[in-house]
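Quick notes on the structure that follows.
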Amino acid sequence: MKKILLTLLVVCIISAISLTVVHLTGGLPPDGRPGCLKFFGVLACPIIAVVCVVLLVSLLLNKRHVYYGGLMAGFVVSTWFSSRNMLGLASCPEVFHLKSCYVVFVSMIGFTILGVMYFREKMKEEAGGQ
């Protein structure tokens with residue numbers, strides 16, 4: 001369980017950082033829209049990268065409360081952009097013909113499910129070992 005979660009988090013970090021680099025170097029997707037939208041003036045891609053780093057480090061250190069706090073931040077950002085995209089107020093960039101804001105939202109759901117399963121298992125191990 002932990003290996004799957006760590007792998008997915010590393011993919012999230014690499015993806016968010018690469019989108020940030022593409023955006024900052026002026027590279028644009030084929031449709032010409034910017035690669036990263038802004039969340040109150042701050043690029044969303046680095047925010048998601050930081051969220052994924054927090055999730056990764058908290059998982060490695062077995063800090064479930066920090067992990068869940070990171071998930072909350074990720075859900076806030078991804079919900080903001082997903083809802084704005086649905087309402088037509090913003091247009092999320094597409095990665096492999098998928099809206100990136102929806103991919104991040106679904107990823108946060110996956111990180112929640114896998115994280116809860118991992119930390120429950122970890123708590124059972126700790127309770128059984130005492």
Exercise for review: Return the pairs, sorted by first residue and then second, in which the second residue is assigned to a helix (DSSP H, G or I) and not acidic (Asp, Glu), the first residue lies in the stretch 38-65 and is touching a residue at least 60 places away in the same chain (Cβ under 8 Å), the beta carbons are less than 6 Å apart, and the residues are 6+ apart or on different chains.
Suggested key: LEU55/LEU9; LEU55/TYR67; LEU55/GLY70
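Any idea which residue in the stretch 1-54 is modelled with the highest pLDDT, counting only those that are of a type in the set (A, V, I, L, M) and in contact with a Lys or Arg (Cβ under 9 Å, 6 or more places away or on another chain)?
As a first pass, look at the stretch 1-54 and keep what is of a type in the set (A, V, I, L, M): 1, 4-6, 8-11, 13-14, 16-17, 19, 21-22, 24, 28, 37, 42-44, 47-51, 53-54.
Remaining after also requiring in contact with a Lys or Arg (Cβ under 9 Å, 6 or more places away or on another chain): 37, 44.
Values: LEU37: 79, ALA44: 85.
Checked the stretch 1-54; the qualifying residue modelled with the highest pLDDT is ALA44.
Here's the yes/no breakdown for (1) in contact with a His (Cβ under 8 Å, 6 or more places away or on another chain); (2) part of a helix (DSSP H, G or I):
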{"site": "CYS36", "(1), (2)": "yes, no"}
{"site": "VAL50", "(1), (2)": "no, yes"}
{"site": "LEU55", "(1), (2)": "no, yes"}
{"site": "LEU71", "(1), (2)": "no, yes"}
{"site": "GLY74", "(1), (2)": "no, yes"}
{"site": "SER91", "(1), (2)": "no, no"}
{"site": "GLY110", "(1), (2)": "no, yes"}
{"site": "VAL116", "(1), (2)": "no, yes"}
{"site": "LYS124", "(1), (2)": "no, yes"}
Exercise for review: Can you run down the residue pairs with Cβ atoms below 6 Å, 6 or more apart or on separate chains, where the first is in the stretch 101-130 and small (Gly, Ala, Ser) and the partner is assigned to a helix (DSSP H, G or I)?
Suggested key: GLY115/TYR67
Review point. What are the residues in the stretch 1-26 that are of a type in the set (A, V, I, L, M, F, W, C) and without any contact (Cβ under 8 Å) to a residue 40 or more places away in the chain, if any?
Key: VAL11, ILE14, ALA16, ILE17, VAL21, VAL22, LEU24
Point to revise | Options VAL53, VAL104, VAL42, VAL22; residue that is surrounded by 15 or more Cβ atoms within 10 Å (Cβ to Cβ) and over 14 Å from the mean Cα position of the chain (by Cα) | key: VAL22
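Out of the residues in the stretch 57-87 meeting the condition of being among the polar types (S, T, N, Q) and loosely packed, with under 15 Cβ neighbours inside 10 Å, tell me which one is farthest from CYS45 (Cα to Cα). Step through it out loud before you land on a result.
Going residue by residue through the stretch 57-87, those that are among the polar types (S, T, N, Q) are 58, 62, 78-79, 82-83, 85.
Add one more test, that the residue is loosely packed, with under 15 Cβ neighbours inside 10 Å, and what stays is 62, 79, 83.
On the way: ASN62: 25, THR79: 14, SER83: 17 Å.
Across the stretch 57-87, the extreme among qualifying residues is ASN62.
Yes/no matrix, rows are residues, columns are (1) among the hydrophobic types (A, V, I, L, M, F, W, C); (2) in contact with a strand residue (DSSP E or B) (Cβ under 9 Å, 6 or more places away or on another chain); (3) more than 18 Å from THR20 (Cβ to Cβ):
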{"site": "SER82", "(1), (2), (3)": "no, yes, yes"}
{"site": "LEU89", "(1), (2), (3)": "yes, no, yes"}
{"site": "PRO93", "(1), (2), (3)": "no, yes, no"}
{"site": "LYS99", "(1), (2), (3)": "no, no, no"}
{"site": "ILE109", "(1), (2), (3)": "yes, no, yes"}
{"site": "VAL116", "(1), (2), (3)": "yes, no, yes"}
{"site": "PHE119", "(1), (2), (3)": "yes, no, yes"}
{"site": "LYS122", "(1), (2), (3)": "no, no, yes"}
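The values are calculated or read from the model by the stated rules, or taken from the named source; none is laboratory data. Here the structure is a predicted model, which is why all the values come from computation and not from measurement. As a convention, Cβ positions derive from the backbone with ideal geometry for all residues, glycine included, and neighbour counts pool all protein chains shown.
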